[in-house]
Amino acid sequence: MTTTGIGVGGRFATVQPWLSLAARLLLAGVLGVAGTLKLADPAAAIRAVSAYELVPSGLIELVGYGLPAAELGLALLLLIGLGIRFAAIASAVLLIAFILGIASAWARGLSIDCGCFGGGGEVAAGATRYLEEILRDVGLLIAAVWLAIFPKSPFALDRTD
């Protein structure tokens, strides 16, 4: 391996920051859109949380209001590149929770919209898209894990790995 830009190590060192920037912007964009759409219709966000039948009734509103705020906070950190590793790990935890929630709804035979980008609640039995939603979130999880391992990226306020 060489650090001159020639060879495997050099190519990785050249490409890695740009891949990390792409992962950062992808996660920031998805979380930002998801949080904004949920924040725009808090009643739908609460309905979506309730539809999963996983959160105790006393906490549904807290999660319904808190989730968009968390998504927007993580999106902002990722966008400006501050606390990248923390934001990536928190995003990964959130994505794992989403994947498990969707898989649980699917396994229990619930017919709900994930509420990932607003909306949510019950839908017709044939209108669910669980596999597509899980695959999307697995892809985003891979981006979050990459970023947790390789947080250094251009245009970030963070200056350390």
Practice problem: Kindly indicate whether any position in segment 79-95 is among the hydroxyl-bearing types (Ser, Thr, Tyr) and either under 16 Å from Tyr52 (Cα atoms) or modelled with pLDDT under 95 (or both). | Solution: no
Exercise. Look through Ala107, Ala127, Ala97 and report the one residue that is closer than 18 Å to Ile46 by Cα and surrounded by fewer than 14 Cβ atoms within 10 Å (Cβ to Cβ).
Key: Ala97
Quiz prompt | Condition broken by Ser104, with the remaining ones in (1) assigned to a helix (DSSP H, G or I); (2) within 17 Å of the chain's Cα centre (by Cα); (3) touching a residue at least 24 places away in the same chain (Cβ under 8 Å) satisfied | solution = (2)
Self-check item: Residue satisfying condition, being surrounded by 14 or more Cβ atoms within 10 Å (Cβ to Cβ), within 24 Å of Ala143 (Cα to Cα) and under 18 Å from the mean Cα position of the chain (by Cα), within set Gly118, Gly10, Gly29
Solution: Gly118
Quiz item: Residues of segment 111-151 being β-branched (Val, Ile, Thr) and touching a helix residue (DSSP H, G or I) at 6+ places or on another chain (Cβ under 8 Å), which ones?
Solution: Ile112, Thr128, Ile134, Val138, Val145
Exercise. Determine the pairs where a residue that is farther than 17 Å from Leu94 by Cβ, located within segment 126-144, has a partner that is β-branched (Val, Ile, Thr) and part of a helix (DSSP H, G or I) with Cβ atoms under 8 Å apart, the partner being 6 or more residues away or on another chain.
Key: Tyr130/Ile102
Self-check item: Members of segment 39-94 that are touching a residue at least 60 places away in the same chain (Cβ under 8 Å) and loosely packed, with under 15 Cβ neighbours inside 10 Å
Solution: Ala40, Leu82
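In segment 45-59, which residues are in a helix (DSSP H, G or I) and either farther than 16 Å from Glu71 by Cβ or over 19 Å from the mean Cα position of the chain (by Cα) (or both)?
Arg47, Ser50, Ala51, Ser57, Gly58, Leu59
The values are calculated or read from the model by the stated rules, or taken from the named source; none is laboratory data. Quick caveat: nothing in here was measured; it's all calculated off a predicted structure. Positions of Cβ are generated from backbone atoms using ideal geometry, with glycine treated the same way; all protein chains shown enter the neighbour counts.
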